Amino acid sequence: MAEQETPSDAELASRRRERKMPNLAESWATSDGTRRSMLANKRRDTSTELAVRRLLHGRGLRYRVDFAPIPGLRRRRADVVFTRARVAVFIDGCFWHGCPEHGTHPNQNADYWGPKLAANVARDADTTAQYEAAGWTVLRFWEHEGSISIAARIADELDQ
């Protein structure tokens, strides 16, 4: 049986990096750190969302999660939906949805992020208009708002 060559430590480390992180030339990210950070962002089940849902459930309210009330509207899923009451709740992230109080604008790759974030805000407005035109009540909250006050305002809307 022939002896196999053992790869050097540097070669093994290089192979591990290649498996974990593709070449940045093939990626949209400006750095390894940016790419890791962006991939770690959640689309659903954020801490604010979970806290609000926990409080709503504790009040005896039942709902759908990450649900699209109007089929066919791409990328327009509400975070919490009360189907019988026709109420759609969105808990928007300050960065992604342009919070006037906490929204920031990245300096790096600003030519990409400016239009991207503006398109998110425009899509949010369009989504609200389409849901309301279809007979839904739309409630929008910022992630920085307190989960207790968000849950109370949702419950108040459902009590009407």
### Query
Hey, with R₀ at 25 Å, roughly what FRET efficiency would residue 9 and residue 32 work out to, going by the Cβ-Cβ distance, to 0.05?
0.75
#### Entry: Whether the range 93-160 is rounded, prolate or oblate, judged on the alpha carbon gyration tensor where a/c under 1.5 counts as rounded
oblate
### Message
Given a 1.4 angstrom probe, what's the average accessible area per residue across the range 72-143, in square angstrom?
### Response
56
## Note on the structure
Between residue 87 and residues 5 or more places away or on another chain, the pairs with built amide H atoms under 5 Å apart involve 82, 137
### Query
Using mean Cβ contacts within 10 Å as the protection proxy, how do 100-107, 65-72, 48-55 order, highest first?
48-55, 65-72, 100-107
## Note on the structure
In nm, the gap between the two label points placed 7 Å beyond Cα toward Cβ at residue 133 and residue 148 is 4.0
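By per-residue mean of other Cβ atoms within 10 Å, what is the highest-first order of 75-83, 113-121? Could you put the intermediate results ahead of the total?
Values: 75-83: 19.4, 113-121: 13.3.
Most protected by this proxy first, the peptides run 75-83, 113-121.
The values are calculated or read from the model by the stated rules, or taken from the named source; none is laboratory data. Fair warning: this is a prediction, and the values are worked out from it, not measured in the lab. With ideal geometry, Cβ positions are generated from the backbone for all residues, glycine too; neighbour counts draw on all protein chains shown. The area values use the complete protein model at the heavy-atom level, side chains included, leaving out ligands, DNA and RNA. Shrake-Rupley method; radii C 1.70, N 1.55, O 1.52, S 1.80 Å.
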